[in-house]
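A.B. asks: Have a look at this one.
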C-alpha cells in the first residue's frame, strides 16, 4: 500500500486512486529543505539573472514546465525582483537627468536675466540722458524766445 507523500525509487511523485471520483490524483512528494536548496541552486546555476530578466513570460513558462511549483514561484519572484530593480534604476537615472537639465536650464535663464537687467540699465541711462537733453533744449528754446520777443508784444 502506498501512503500519501510516498515516492518511488527515483523520487518522483506517486498517483493514488481517488475514492470519491474514481480518478487518479497526484500526491506531491515531500522535499527536504536542503534538497529544496539544491534544486534551487541547480536551476539558478543553469539560468543567469540576465537571461532570466530578458526572458519573455512564454519562454519562462516553457522553461519552468518541468520544474516543481515552488521552484517556478522562486524563479518568477526572482525575475520580478530583477525587473523592479531595472525599472527603479531607470527611474533614478531619469530623475537625475531631469534634475541636471533643470539646473542647466536654470543657469542659462539666470544668465539671460542678468544680461537683460544690464541692457535695461543701459536703456534707462540712455533715457535719462535724452530726458535731460530735452529739458535743457526746452529751457534754451524758452530763453531764446523770451530774448527775441519785444517786451510789450503778445505771445504767438
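The values are calculated or read from the model by the stated rules, or taken from the named source; none is laboratory data. This structure is a prediction, so every number in the text was calculated from the model and none was measured. Glycine gets a Cβ as well: all are built from the backbone with ideal geometry, and neighbour counts include every protein chain shown.
Listed here are the residues, each with its yes/no results for (1) out of contact with any strand residue (DSSP E or B) (no Cβ under 7 Å at 6 or more places or on another chain); (2) in a helix (DSSP H, G or I); (3) under 19 Å from residue 48 (Cβ atoms).
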residue: 63; (1), (2), (3): yes, yes, yes
residue: 67; (1), (2), (3): yes, no, yes
residue: 76; (1), (2), (3): yes, yes, yes
residue: 79; (1), (2), (3): yes, yes, yes
residue: 86; (1), (2), (3): yes, yes, yes
residue: 92; (1), (2), (3): yes, yes, no
residue: 97; (1), (2), (3): yes, yes, no
residue: 100; (1), (2), (3): yes, yes, no
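A.B. asks: For residue 52, all conditions in the list (1) within 35 Å of the chain's Cα centre (by Cα); (2) exposed (fewer than 10 other Cβ atoms within 10 Å of the Cβ) hold save one; what is the number of the exception?
C.D. replies: Failed condition: (2).
A.B. asks: Any idea which of (1) modelled with pLDDT under 95; (2) surrounded by 10 or more Cβ atoms within 10 Å (Cβ to Cβ) is the one residue 112 doesn't satisfy?
C.D. replies: All conditions pass for residue 112, except number (1).
A.B. asks: Exactly one condition in (1) under 17 Å from the mean Cα position of the chain (by Cα); (2) surrounded by 12 or more Cβ atoms within 10 Å (Cβ to Cβ) is false for residue 67; which is it?
C.D. replies: Every condition holds for residue 67 apart from (1).
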